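See below for the structure under consideration.
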Amino acid sequence: MTRVVRLTLVSHAMTDAVAAARFPGDEPLNDMGRRQAEAFSGETCLGAKRFTAPERRAQQTAELLGLDATVDPLLADLNCGRWRGKRLRDVPPGDVTAWLADPTRAPHGGESITELIQRVARWLDLLAESAVPAVAVTHPAVTRAAIVHALGAPRKSFWRIDVAPMSHTGLHLRDGRWSLRL
């Protein structure tokens, strides 16, 4: 019998950090984000396990979507270390260039893209063991990491994936392989 796991990753709604192009901290949703989440009339997730990242913006999005979700630290946003709260233009350009070019680098003292992808892959492996459908409210970086892992794409492709607030990304696991469902 073929085991199939369906996963929907929901990107949290808008925050002031997203709107201002700042590295995120643990900020709440802004007014626009609350309206986005409240207006969403998405699919039901009956029978699905429900997860959320630990940050306020993800938990608030899950709550506004009516999801009674379990907080999972493996779904946490990319740790941007010293860059939290800063605008991209306020970070030394050489550091940003190094970070964008090399997925193993973490010049901000936080987490590298490689480390994020490995963390998200561990979460996907745990989900695969449960073999139940799931919905997870998380962050664009986590969704990118899941896509890169699912497709076996080069880690440098992480930055080539755009994930908008309140977007939904579907992944399916069949016969031990993840696939992207659009």
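The values are calculated or read from the model by the stated rules, or taken from the named source; none is laboratory data. Computed from a predicted model, the values in this text were never measured in an experiment. Here Cβ is always computed from backbone atoms with ideal geometry, including for glycine, and neighbour counts include all displayed protein chains. Please note that ligands, DNA and RNA were not included when accessible areas were found on the heavy atoms of the full protein model with its side chains. Shrake-Rupley method; radii C 1.70, N 1.55, O 1.52, S 1.80 Å.
Residue by residue through the range 49-80, note down the ones that are surrounded by 17 or more Cβ atoms within 10 Å (Cβ to Cβ), of a type in the set (S, T, N, Q) and either at pLDDT below 95 or not in a loop (DSSP other than H, G, I, E, B) (or both). Result: 52, 59, 60, 61.
Given the residues 42, 33, which is the only one that is open to solvent by less than 60 Å² (accessible area, probe 1.4 Å) and at pLDDT below 95? That would be 42, the only listed residue that is open to solvent by less than 60 Å² (accessible area, probe 1.4 Å) and at pLDDT below 95. For the range 5-26, the tally of residues that are surrounded by fewer than 18 Cβ atoms within 10 Å (Cβ to Cβ) and either modelled with pLDDT of 95 or more or outside any helix (DSSP H, G or I) (or both) stands at 6. Flag: residue 125 does not match the condition of being modelled with pLDDT of 95 or more and of a type in the set (Asp, Glu). A Cβ distance below 6 Å, combined with a sequence gap of six or more or placement on separate chains, defines the contacts here; from the range 65-91, residues that are over 18 Å from residue 9 (Cβ atoms) reach residues that are surrounded by 13 or more Cβ atoms within 10 Å (Cβ to Cβ) and aromatic (Phe, Trp, Tyr) in the pairs 80/23; 83/23; 84/23; 86/23; 91/83. The strands (runs of 3 or more DSSP E) falling completely within the range 124-182 that include 2 or more residues that are open to solvent by 20 Å² or more (accessible area, probe 1.4 Å) map to 168-174, 177-181.
State whether one or more residues within the range 91-114 are closer than 22 Å to residue 57 by Cβ, in a helix (DSSP H, G or I), among the β-branched types (Val, Ile, Thr) and open to solvent by less than 50 Å² (accessible area, probe 1.4 Å). Yes; the residues of the range 91-114 include at least one that is closer than 22 Å to residue 57 by Cβ, in a helix (DSSP H, G or I), among the β-branched types (Val, Ile, Thr) and open to solvent by less than 50 Å² (accessible area, probe 1.4 Å).
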